[in-house]
Each structure stands twice: as C-alpha cells, then as structure tokens.
Amino acid sequence: MRRAGTLGEAADANKPAQRRAFVKSAMIRPLFLDFRRRRRGSLGVSKSFTPIGDRLAAILQRTGYAGAKSAIMNYAPVYAASHLSSPVARYDKAMRLYLLRSLLSPIVSARWAQFIRRYYRRFEAGPPPARVLLKPVRSYVHLELGPARRFEVLRDHYRLFRRLFSRDCVRRVCAGDPIVVAELAARKGGVYRLAIAASTRVSMQREGELAIYLVKRGVTEPVSKLSLALAHVDGRLAVLIGGLQGPSVGHKREVIDATRELYGLRPKDATLIAARAFAEAAGATSVHAIANSHHVLARLSGAAKHADYDAYWRERGAAPGGPLGFVFPPLGKVAAQGAGRAAAKAAIVGAMHRFVTAHARAGGARAP
C-alpha cells in the first residue's frame, strides 16, 4: 500500500473489493468501445451520447454506485443532450477525460460534482468547467494522493477560501476572472502586472486552486506563474505551493528582459514573494512547497517536465519537511527603502497585503 505522506495524514486505505471488481469488470469495456466509435463518427453525428449514460447508470446500480448517475449526467450535458452536434462540444477533451476517469472513482466523482456545483451556484459563478470537475480523479498537488484525499484537500480549500474572502472575490475567481494585485513600474517605461486568478486560467489546475502570475502589460503570456491552495496542516491554516512555472517554450527572451526591467528581480522570485506575502496577509502559519519527488508530473518519462524545485526552494530559504517536502520560514520584513530590486519586492509585499485586506470577508482574512 502506497503512502501519501501529505497533510499529516496517512494515504488512502486499499480500495474495497467491490470497487476493484467494478474497475476490472468486463462491463467497462463496452463503454470505452462505444465512446471510441462515437468519437470517430462511425455512428453518425446526430447520435446522442445518452446511451453511454444509461449503460453507465445500469452498471453503477448493479455495483452499488447508483448515486453517481445524476452527478455524472448533470455535468456531461455535451454528451447527454441529443440535440448538441457542434464539433467543439463533441470533442471537448476535458469533458471526455472527466467522463472516462469518473468511471474509476464514481463515488468521489459524484461527491465532488455535487459539492462544486452547489459552490459555484451559491456564488453565481456559472457552471464549473470540466477541468475543475476533473480535479479529484487526476493527480493533484501531491503525486501520492488518492481520489478520496484529493477530494478532501479540494473541499478544504474551497471552504477556507469562502470563509476568508469576500463573496465578490470568490465569485470572480470561480468565474475565471483575473484580479490585478499590483502594477510594477519597470525600466524603459514598462509595466508588469501581478494578478491572481483560478489556476485553470493559466493551465496549472493540477497544482493548486489559485494562481499568482506576472505578465507584462499588453502581453498575454505570463513570464512566471505559481499555483497554490489553502489547507489545514496540523490543524492550522497553511498555504500549499504545488507548482511554479515560467512561460511556454520559445519565450526565454521575455524572462531575461523581465529580469532586467525589474532591476534584477527574477519573475519567479516575484511570484514566490507574492505567494508568501499572500499567506502572511491571510493569517497562514506556514507555507509548504512541493518537492520534485512529490510533484504531479514526477512520473513522466523523457525530458524534465518542470524545474528543479528542490534546489530552488533551498536557494530561497526553505527547509526540508512538511507534507509537500519543503517548508518556508516566515517572510519577515522586506525593506521598503531604496530603489530597484528592493523597492520592487517591497511593492509586491505591500500590494498583496492591501489586496487581502480589500477582499477579506468581514471577520475572515487577517489584515496585519
């Protein structure tokens, strides 16, 4: 049995025999074959995906998972509604992946779909996208977490987020709207925006729920982005950093230019400082960062899929330990005097504290 070693709790217990039998059952194969034929168009565009849902429901009822039908079908309108024939709708990759993976963890998938649907509806943020529905049935934050623990981590984050921040802030983040935290004046008249948004907006949905990213005004590609989640660690509020990324391939020049224009402050340093300031302003007692061996992409073969996190965290003062592998000390004072790099750091910390204060729910996030 694998050990998760995260959030101070043991890994999930072995799956019950009933669930193992369900996953290995030969009844699953027709679902995949049916889906594949429909995807290739061999049954015609006008054909509905409803039979897949009906067959899934029948299987779930036989194996004790009847409650999963309504959740799966509610969140699969693309495939459940016979009148939809748009190629964009039919070939939505995230929804296809959600439908197929939900078969392997039907109970967790149903519980999460019910929870997040109610959450989004409560804050009038529209229906949750497929990439949000997928979260508990894919690797999330820590490589060794099982579906049940992923669900617990996700639910904990959303409950804390609702408790700490205002209704408008929660609604905007869930709706996918970025919120500008600061505009940093740079050399040559440039301006860099530090923003916070849902992690799905910057394709970091497997590494956390909130993304803090730095982007040059007038440009769409961030030069640095960091994904985090709120959690309880040892019964106290903490921030979990699940990933830190630069821009996509071919944008290395932009990172070099940003470092020069920000007086030597590297973009990834800027987002890390912002994350630690966010934790401090929200009243978190610790900041945890993911180790290489625990990252959700650690098992991918071939070329490295992410930076050497271990070396970078150590370079920035983190010590080994905690549920994710590394723990940062308190941020401490950031000198506001002077110009250049020190001033940029101070501007980030001050702006993040003001952001948390301005968007705090009454009696929620702590304003230092």
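No lab work stands behind these numbers, since they all come straight from the coordinates. Please read these numbers as outputs of a predicted model, since none were measured by experiment. Virtual Cβ from ideal backbone geometry, glycine too; neighbours counted across all protein chains shown.
Rg then Dmax, both in Å and based on the Cα atoms of region 187-266: 14.2, 47. Pairs with C-alpha atoms separated by more than 23 Å, drawn from the list LYS188/LYS268; LYS216/LYS252; LYS135/LYS345, are LYS135/LYS345.
Count charges around VAL181 for me, please; just the other residues with Cβ under 10 Å from its Cβ, Lys/Arg as +1, Asp/Glu as -1.
Numbers: positive: ARG193, ARG354; negative: GLU183.
Local net charge: +1.
Pairs of Cα atoms nearer than 8 Å and 6+ residues apart set the relative contact order; for region 162-359 it is 18 percent. Volume per residue of the convex hull around the Cα atoms, evaluated for region 162-359, comes out as 120 Å³. Remark on VAL181: its backbone amide H falls under 5 Å from those of LEU194, ALA195, ILE196, a criterion applied only to residues 5 or more positions apart or on other chains, H modelled at 1.01 Å from N. Ordered by the count of other Cβ atoms within 10 Å of each Cβ, fewest first, SER102, SER293, SER227, SER166 give SER293, SER166, SER102, SER227.
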